[in-house]
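To keep things clear, I will list the structure first and then write my remarks on it.
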Amino acid sequence: MNVDVHAPDRAPARADLPFLRHRARFRPPAAAPVASSSRADLSTERPAAAGGSSSLDLSSPGPGRAAAAAAPAGSSSSLDLSSPVPGRAPAARPAAPAAGGSASLDLSRPVTPAAQVPGAQAAPAPPATPSRRVARPLPRARSGERTLLTPKAPTVTLNRLQSGIGVLTIEAACSAAVGDLRIGAGYELADGHSSLVSRVSGVATAPRNSRRPVIVARAEQYERLLVDLRQSRQLDRLVVYGFSESGRQLNWGGTLVLSTAGGARVELPLDRPPSGGVAVLLSIYNVRGEFVVRAEMENFAGSIRNAIQAYGFDRISWLDDRTPVA
Amino acid sequence: MATMKRGSNVALTREIPSLTGLVLGVRWDAGAETALTDNLVVATILCDEHSKALSDEHFVFFNQLTEPSMTVSQLEKAMGPDAEQIEIQLDAVPPEVRRIVVVMYLNEGMGLRRSLGRLRECVLRVLNLADNAELVRSENLASALDGETAMTLGEVYRHQGDWKFKVIGEGYSTGIAGLAKDYGITL
């Protein structure tokens, strides 16, 4: 999300906001005026009694109306209060800060400060300061390629296709030398439900006993978590942890591998000093349809319950320190 | 209401000059096979003149409900009898978009092997965005399917200044991977 607050016109499209879908992005008026028939252009001077017009026309002179002050043309907003009304006293109203007349909040263009108000000094337009873009390029997972998560580069983002097609596989590729490593995850769904998914805790699907689980815990060659990306919109977040089933110390090694349908691989080396307890390894947050993957690598001396609670899962009821109640 | 066979096309904006927007509706029936319908995905690909997607952002589906120009959008909840609906503001589609292709695939990987051959019915229909009136519909595209896991349903495309609609109904046995390869999408 390289969002430059100085240039909203270059902001990425919000594909997750369907109610915005019929609105055109604001375009600078350098382009030819768009004659949009579906939108009421109220800047034209026409009588309020235009036949059949149900839209509110505040631009026509009416009795008792206060005059608008600033009056730039080229407005295409649905409600334009800035049209000129000749012969009106501008003192009736404070200067309207309606440069451009766009109803949408537009921070990209310098607001002309009350240039048309008599008595006010026509301030020169502020010099175009070069916008200081400090946004770093967001690390992106590339299909068919490998991304290594390191302490200096702990995050990577999957795009909406990588986060929504096929299955996301999270696998603990560790040899027997590590010990009896088991993985599980705390999860939170869009409907607010949160719990654990872990074979060892007796909940191999999320939600538990679901006919159509969002997450499944399996053991093949290694311990695995599978996320059904057809239901990716149901998943808000996932926090993957590892622990020793017998409670012994783990001699960490191996790699946590996350892979997508298109062959993007995210690898997290599990190189840590030997430890007991629980280690939170990785988190995935669903940010507007994109999965943001982050290496956590944090040790907790206590139980799974302690570790998961430390990540803000405070709505899980527990049977014991590693099992949520049904 | 006219039923169109595979391969047939109709000049939408020439027949209806006032047409400024479309709704493409996809309807299916798999009987009790919910494991099939749960995993069906409808997607719309905005293509250039070579039938390649303009970018991965021009793949509109449930996790990317619209594309950069916001003229093609999938509804989160379809209205009426369709399973999925896509709205197209025809008069605002950017000129570089030559074809708008509607596809369907089975999201696989959780272990349930299914195919589109289990569908009893699959119909693509075209409505007028202005009044929801049905303009045309395809024949039942499910009847020719067997082991396929993806299908191109139909397309809306530019032709000599008009928008035309064509029923395609071509299956893929390679699922979304085959579709993505054909349309130049990086999964």
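Restricting attention to segment B:157-172, the residues that are within 17 Å of residue B:40 (Cβ to Cβ) and modelled with pLDDT under 95 add up to 0. Could you tell me whether segment B:144-151 includes any residue that is within 11 Å of the chain's Cα centre (by Cα) and either part of a strand (DSSP E or B) or of a type in the set (Val, Ile, Thr) (or both)? Looking through segment B:144-151, at least one residue is within 11 Å of the chain's Cα centre (by Cα) and either part of a strand (DSSP E or B) or of a type in the set (Val, Ile, Thr) (or both). Checking each residue in segment A:227-243 for being crowded, with 20+ Cβ neighbours inside 10 Å and of a type outside the set (D, E, K, R) picks out A:227, A:229, A:231, A:232, A:235, A:238, A:239, A:240, A:241, A:242, A:243.
Go through B:101, B:126 for me and flag whichever is away from chain A (no Cβ under 14 Å), touching a helix residue (DSSP H, G or I) at 6+ places or on another chain (Cβ under 8 Å), closer than 19 Å to residue B:15 by Cα and in contact (Cβ under 8 Å) with a residue 60 or more places away in the chain.
Numbers: B:101 fails: closer than 19 Å to residue B:15 by Cα.
Matching residue, one of B:101, B:126: B:126.
Regarding residue A:293, is this residue among the hydrophobic types (A, V, I, L, M, F, W, C), in a strand (DSSP E or B) and under 19 Å from residue A:179 (Cβ atoms)?
no
Of all residues in segment A:244-278, those satisfying the criterion of being surrounded by 23 or more Cβ atoms within 10 Å (Cβ to Cβ), of a type in the set (A, V, I, L, M) and closer than 22 Å to residue A:292 by Cα are A:256, A:258, A:261, A:264, A:266, A:268.
Of all residues in segment A:221-276, those satisfying the criterion of being within 20 Å of residue A:287 (Cβ to Cβ) and in a loop (DSSP other than H, G, I, E, B) are A:260, A:261, A:262, A:264. For residue B:119, the conditions (1) among the hydrophobic types (A, V, I, L, M, F, W, C); (2) within 14 Å of chain A (Cβ to nearest Cβ); (3) in contact with a helix residue (DSSP H, G or I) (Cβ under 6 Å, 6 or more places away or on another chain) are fulfilled apart from (2). Every condition in (1) crowded, with 17+ Cβ neighbours inside 10 Å; (2) in contact (Cβ under 8 Å) with a residue 60 or more places away in the chain; (3) not polar (S, T, N, Q) is met by residue A:173 except one, and the failing one is (1).
When the residues of segment B:143-162 are filtered to those that are surrounded by fewer than 21 Cβ atoms within 10 Å (Cβ to Cβ) and touching a residue at least 60 places away in the same chain (Cβ under 8 Å), the one that is nearest to residue B:20 (Cα to Cα) is B:162. Residues in segment A:157-204 that are among the polar types (S, T, N, Q) and farther than 16 Å from residue A:241 by Cα: A:157, A:159, A:162, A:163, A:175. The residue list A:149, A:168, A:181 contains one member that is among the hydrophobic types (A, V, I, L, M, F, W, C), in contact with a strand residue (DSSP E or B) (Cβ under 8 Å, 6 or more places away or on another chain) and within 11 Å of chain B (Cβ to nearest Cβ), which is A:168. Of the residues screened, residue A:197 is one that is within 15 Å of residue A:280 (Cα to Cα) and in a strand (DSSP E or B).
Identification of strands (runs of 3 or more DSSP E) wholly contained in segment B:8-123 with 2 or more residues that are closer than 23 Å to residue B:139 by Cβ yields B:9-11, B:22-29, B:40-47, B:84-88, B:99-106.
The values are calculated or read from the model by the stated rules, or taken from the named source; none is laboratory data. This structure is a prediction, so every number in the text was calculated from the model and none was measured. With ideal geometry, Cβ positions are generated from the backbone for all residues, glycine too; neighbour counts draw on all protein chains shown.
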